[in-house]
Amino acid sequence: LDVYRIGDDPDSIDLDDFLFGDGVTVIEWGELLGENLPKDYLTVKLDKVADGRQVSLNASGLRSQKLLEAIDG
């Protein structure tokens with residue numbers, strides 16, 4: 001989801017279908033959802049570095065922490 005394009009009307013789409021359905025939902029500009037953002041999520045941050053990109057992950061919530069631990073192995 002590109003939340004930036006939704007603007008000030010998050011109700012214009014049914015977020016529950018995306019956030020609580022089966023599978024994974026990737027949200028760009030998720031911070032714009034404010035209180036509509038679930039309490040448990042995994043932030044993926046991409047930073048430009050001299051030789052490419054650096055990925056950092058941050059867990060917010062128990063399920064996300066378990067996912068991050070599984071990724072880190």
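The values are calculated or read from the model by the stated rules, or taken from the named source; none is laboratory data. Nothing here was measured: the structure is a model prediction, and the numbers come from that model. Every residue, glycine among them, receives a Cβ derived from its backbone with ideal geometry; neighbour counts consider all protein chains shown. With ligands, DNA and RNA removed, areas are computed over all heavy atoms of the protein, side chains included. Shrake-Rupley method; radii C 1.70, N 1.55, O 1.52, S 1.80 Å.
To the nearest 20 Debye, how big is the dipole of the chain about its Cα centre, given +1 on the beta carbon of each Lys and Arg and -1 on that of each Asp and Glu? Numbers along the way, then the final one.
Working: 7 positive and 16 negative charges, 90 e Å.
Its charge dipole is roughly 440 debye.
Over the chain, what per residue volume does the convex hull of the Cα atoms give, in whole Å³?
107
At 0.36 nm per residue, minus the direct Cα-Cα distance, what do R53 and Q65 gain on full extension? Give it in nm, one decimal, please. Please report the intermediate quantities before stating the final value.
Values: separation 12, 0.36 × 12 = 4.32 nm, distance 2.31 nm.
Full extension from R53 to Q65 adds 2.0 nm.
Which order do V55, V3 take by accessible area at a 1.4 Å probe, largest first?
V55, V3
When the helices in the chain are scored as -39500 (n - 2.57) per DSSP H run of 4 or longer and the sum is shared across all residues, what 222 nm value do you end up with, to the nearest 500 deg cm²/dmol? Present the calculation step by step, with values, prior to reporting the outcome.
Working: 3 runs with 20 residues, N = 73.
For the chain, the value works out to -6500 deg cm²/dmol.
In sequence order, what are the phi-derived ³J(HN,Hα) couplings for the stretch 61-73 according to the Karplus relation 6.51 cos²θ - 1.76 cosθ + 1.60 with θ = phi - 60°, rounded to whole Hz, with x for glycine and proline?
The phi angles translate into x, 5, 4, 5, 5, 5, 4, 5, 5, 5, 5, 5, x Hz.
Once the whole set of protein chains is in place, how much accessible area is left on K66, using a 1.4 Å probe, in Å² to the nearest 10?
Spelled out: K66, probe radius 1.4 Å, area about 130 Å².
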